[in-house]
Every structure is written in C-alpha cells, then in structure tokens.
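Here the structure is laid out as structure tokens; the discussion comes afterwards.
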Amino acid sequence: MDSQGGIRTGVADAASGRAARTGRSWRAGDKRRDLLDGSLAAFARDGYTRASVDAIARAAGTSSRTIYNHFGDKAGLFHAVIVDSARRVADAQIILADRHLGKIVDIEADLLEFGRVWATPAPEFADHFTLVRQVIAEAAHVPPATLEAWQEQGPRRVRRALAAHLRRIADAGHLSLADADLAAAHLVLLVAGDSGQRSLHGAVALEPAEIHATSDAGVRVFLHGYGVR
C-alpha cells in the first residue's frame, strides 16, 4: 500500500530502468518517461500547489510547451505523475508480497520476514513517498479524481493482492479470518503503521533495529487476532 515501506525485493528492474535512462538525450521514445520522472522530483520537492510548470519543465529538462502538449495543464501532469508513480510502487510491493507470502511454511516466521522487509523504506522510491507526504498536506487542493486514481492504482491494488494471499493462506489452514480485505489492512498497519508515524511518513530515518522490533510486534498482534487456535 502507499505507505513508506520496504520494497527492496523486486525493485531491481525499476532501478536498472532508471540507470539505463541516465545520460540519454531526449529521444522521442524517452520523452514521456523522463518527463514523468523529472516532474515527480519537482512535485515531491514543491508540492502540487507550489510547483510551477516552468520549474517542472526545468527539472524534467524540457519546455513548458512540451508539458502542455503532453498533459494539457499542471493538473493533468500531476494526475499522470502520481498515478504512474503509485503504479510502479504498487508493482514492487505486489512482487514483494508474492515472494514472501506465496508459499507459507511457518506462518509466524514467514510473516516476521515479510513484515521486516515491508516496513523497511526503499530508497528507490523516496521521491514517491515524499510526494505522498505533500499530497496528504495538500489533499484539499488536489483534484478529487486524481486522489481517487492514485488510491485505485496504488494502495487499493496492493491491498487486494495482499487480501488474496491472506485468503489463500487461511484456506490452507494457517489463519482464521472472515474478511481478507480487512485483514490485509490490519497487517499493513500493524507491521508498518507505527514506524510510519514515528518517521513522519518516511521523513525521518529510523534505525533498522527499531523498525524490525515494531514490525515483529505487529506480526505477533496480527497472529493473536487471526492465528488458528
């Protein structure tokens, strides 16, 4: 979900993609990707209301006319940026969930491992989570359709994927739950919610030991509520 969490596993493709684009000229095939990446950095730094199209164009290495040609206006660009970024983060989080929850051998040990990785911030997506903090602060000024699209392409998609894993794990006899979607929300909040709050949604770095201790405790609370007795 769209909380600052560990996405180290499964981000190699995204990181290598960015590295491959480094130093490229503005070829036609790269324009939209580079524009989205540069705009993400600008919006993450300045927020939606403060970022100007001229500043975004400079950050993206293009002209304001190119932005208008591709996206119509700043609102259209912001919509494309946050949806694209949320989708890429969600892809990485779903890969992480598939890897750690796809086969359960020991429910407690496997969830502890998943929780630690999930709760550990991924530097590859630092701009995204900085942007999320900006959106939280400026939500009243962001078009509602953009907020809805961000949630649907990012957090809700991840929650559905987690719910599917938990439903399958319950069917295999490892968990007892009536509402897999609610259980997925509880799992994420328990393993990463407190760390997110204490780090001010990723703005302040926490020590790994602190993140792990909080995540481990969250997993045990989750199993107290959803474990098979």
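For the reader, a short list of remarks on this structure follows.
- The charge dipole of the chain, taken about its Cα centre with unit charges on the Cβ of Lys, Arg, Asp and Glu (plus for the first two, minus for the last two), comes to roughly 660 debye.
- Computed from Cα atoms, the angle from the helix 107-119 axis to the main principal axis of the chain rounds to 20 degrees.
- Region 135-155 and region 60-86: distance between their alpha carbon centers, rounded to Å: 16
- C-alpha long axis of helix 155-171 to longest principal axis of the chain, angle in °: 20
- Annotation: peptides 104-115, 205-216, ranked by per-residue average of other Cβ atoms within 10 Å with the highest first, follow the order 104-115, 205-216.
- Segment H224-A203, extension gain: residue separation times 0.36 nm, minus the distance between their alpha carbons: 4.5 nm
- Cβ crowding within 10 Å averaged over residues, with 68-74, 36-42 ranked highest first: 36-42, 68-74
- Highest mean first, the peptides 181-188, 145-152 sorted by other C-beta atoms within 10 Å per residue fall in the order 181-188, 145-152.
- Inter-site label distance for K31 and D98 at 7 Å from Cα along Cβ, in nm: 3.3
Bear in mind these aren't lab numbers, they're just calculated from the coordinates by the rules spelled out. Note that the structure is a prediction, hence the values are computed from the model and not measured. Backbone-built Cβ (ideal geometry, glycine too); neighbour counts: all protein chains shown.
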